[in-house]
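Engineer: Sharing a structure with you now.
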């Protein structure tokens with residue numbers, strides 16, 4: 001499963017585009033087709049792309065060769081689906097599409113979605129209007145928004161150039177920031193934009209063995225860090241996410257090397273936040289992951305049922321992982337960088353960091369202060 005070539009731009013895996021008939025004449029659709037320069041097929045609205053054999057999820061690898069351009073007929077903008085049992089950061093999700101050309105063994109989308117192809121929503125004007133409406137309805141609220149919940153924020157940006165639209169839109173928003181989170185190194189459309197500090201570029205990072213074996217068709221650590229370094233030079237604030245942290249042989253050295261290299265390459269004072277979260281997954285993901293990736297053993301350790309009905313490492317093991325990684329991050333990070341847990345309990349916060357979020361106003365306030 002280890003990578004043998006660079007996937008800094010995972011859109012190279014896409015081989016065919018399917019376009020809903022009502023979207024074909026949209027100027028944005030034509031721009032995407034021109035940039036992609038791939039064969040495309042026009043299909044009836046609400047119909048499924050053809051040419052993908054087999055049943056889901058066995059056909060996921062093949063399905064990722066196919067991109068569907070369609071309209072989002074639901075809401076673009078909604079709260080992150082956190083759970084009340086664990087501390088949540090009050091993130092707002094901007095849904096730009098579903099699935100991505102990368103293939104991480106632990107990706108929860110394998111168990112969450114039921115279609116193998118990639119989807120991108122081309123009615124982006126509606127997306128911007130929905131955001132404007134939300135901002136007007138709550139003028140005193142500060143919004144932290146991300147596009148990386150159901151897809152990678154930049155994996156298809158060579159085709160879509162959506163980042164340019166979003167950065168330019170966000171530049172004039174005084175009470176909101178947008179986080180573009182990726183495992184790619186696709187940053188070409190971000191150069192030269194007047195972003196006004198309203199867009200944060202974020203990368204998911206992991207121990208090198210995990211990145212090499214469990215994160216298929218993703219950019220290498222060097223590619224991600226060089227992309228982050230370039231974005232910092234363009235004036236963007238940065239964020240990093242160690243999630244999921246995975247217990248594996250040599251994990252201490254693996255995370256030490258990644259963190260050391262991160263701070264060797266990237267200016268610490270431009271990092272607004274860093275998150276940590278240990279591996280957690282829906283029970284159905286274990287069957288899917290083991291069938292699709294028989295060479296992986298990440299699901300074969302001891303897990304318990306969390307309060308959110310996801311499988312988690314035993315609490316003492318999570319604490320051990322967290323304490324080591326948190327100590328490394330504190331050693332290098334700027335005092336202004338917020339280091340926080342994604343979906344963990346107050347008990348874990350207290351044991352690892354020595355405080356609970358409520359003592360500092362809660363996670364949302366901590367993160368808001370870091371960018372306001």
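The values are calculated or read from the model by the stated rules, or taken from the named source; none is laboratory data. This structure is a prediction, so every number in the text was calculated from the model and none was measured. Here the Cβ is made from the backbone with ideal geometry for all residues, glycine too, and neighbour counts use every protein chain on show.
Engineer: Within the stretch 332-352, track down each residue that is farther than 21 Å from residue 307 by Cα and touching a residue at least 24 places away in the same chain (Cβ under 8 Å).
Structural biologist: The answer is 332, 333, 334, 336, 337, 338, 339.
Engineer: Among the residues that make up the stretch 297-309, is at least one of them in a helix (DSSP H, G or I), at pLDDT 95 or above and either in contact with a strand residue (DSSP E or B) (Cβ under 8 Å, 6 or more places away or on another chain) or under 29 Å from residue 261 (Cα atoms) (or both)?
Structural biologist: no
Engineer: In the stretch 142-225, which strands (runs of 3 or more DSSP E) lie fully inside it and hold 2 or more residues that are over 17 Å from residue 96 (Cα atoms)?
Structural biologist: In the stretch 142-225, the matching strands (runs of 3 or more DSSP E) lie at 199-204.
Engineer: Quick check: is even one residue across the stretch 350-372 on the phi < 0 side of the Ramachandran plot, assigned to a strand (DSSP E or B), surrounded by fewer than 19 Cβ atoms within 10 Å (Cβ to Cβ) and in contact with a strand residue (DSSP E or B) (Cβ under 6 Å, 6 or more places away or on another chain)?
Structural biologist: Scanning the stretch 350-372, I find no residue that is on the phi < 0 side of the Ramachandran plot, assigned to a strand (DSSP E or B), surrounded by fewer than 19 Cβ atoms within 10 Å (Cβ to Cβ) and in contact with a strand residue (DSSP E or B) (Cβ under 6 Å, 6 or more places away or on another chain), so the answer is no.
Engineer: Sticking with this structure for a sec: Going by the conditions given, is residue 284 surrounded by 15 or more Cβ atoms within 10 Å (Cβ to Cβ) and either part of a helix (DSSP H, G or I) or under 16 Å from the mean Cα position of the chain (by Cα) (or both)?
Structural biologist: The answer is no for residue 284.
Engineer: Any residue that is under 27 Å from residue 238 (Cα atoms) and in contact (Cβ under 8 Å) with a residue 40 or more places away in the chain - is there at least one of those in the stretch 296-318?
Structural biologist: yes
Results for (1) at negative phi; (2) within 19 Å of the chain's Cα centre (by Cα); (3) without any contact (Cβ under 8 Å) to a residue 60 or more places away in the chain, shown as yes or no for each residue.
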position	(1), (2), (3)
186	yes, yes, no
194	yes, no, yes
198	yes, yes, yes
201	yes, yes, yes
216	yes, yes, no
224	yes, yes, yes
237	yes, yes, no
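Engineer: Any residue in the stretch 111-123 that's at positive phi: show its pairings with residues that are surrounded by fewer than 18 Cβ atoms within 10 Å (Cβ to Cβ) and part of a loop (DSSP other than H, G, I, E, B) at Cβ separation under 8 Å, as long as the two are six or more apart or on different chains.
Structural biologist: Final answer for the pair search is none.
Engineer: Going by what's in this entry, would residue 198 be described as touching a helix residue (DSSP H, G or I) at 6+ places or on another chain (Cβ under 6 Å) and within 26 Å of residue 59 (Cβ to Cβ)?
Structural biologist: No; evaluated as a whole, the condition is false for this residue.
Engineer: Now for a different question. Name the one entry in 228, 232 that is touching a strand residue (DSSP E or B) at 6+ places or on another chain (Cβ under 8 Å), assigned to a helix (DSSP H, G or I) and surrounded by fewer than 22 Cβ atoms within 10 Å (Cβ to Cβ).
Structural biologist: 232 is the lone residue from the list that is touching a strand residue (DSSP E or B) at 6+ places or on another chain (Cβ under 8 Å), assigned to a helix (DSSP H, G or I) and surrounded by fewer than 22 Cβ atoms within 10 Å (Cβ to Cβ).
Engineer: If you take just the strands (runs of 3 or more DSSP E) that sit entirely in the stretch 23-138, which of them hold at least 2 residues that are loosely packed, with under 15 Cβ neighbours inside 10 Å?
Structural biologist: Strands (runs of 3 or more DSSP E) meeting the threshold: 40-43, 77-79.
Engineer: So which of 223, 215, 149, 179 is surrounded by fewer than 21 Cβ atoms within 10 Å (Cβ to Cβ), at pLDDT 95 or above and closer than 27 Å to residue 325 by Cβ?
Structural biologist: Within the list 223, 215, 149, 179, the selection yields 223.
Engineer: Does residue 322 satisfy the criteria of being surrounded by 15 or more Cβ atoms within 10 Å (Cβ to Cβ), in contact with a strand residue (DSSP E or B) (Cβ under 8 Å, 6 or more places away or on another chain), over 23 Å from residue 182 (Cβ atoms) and modelled with pLDDT of 95 or more?
Structural biologist: Yes.
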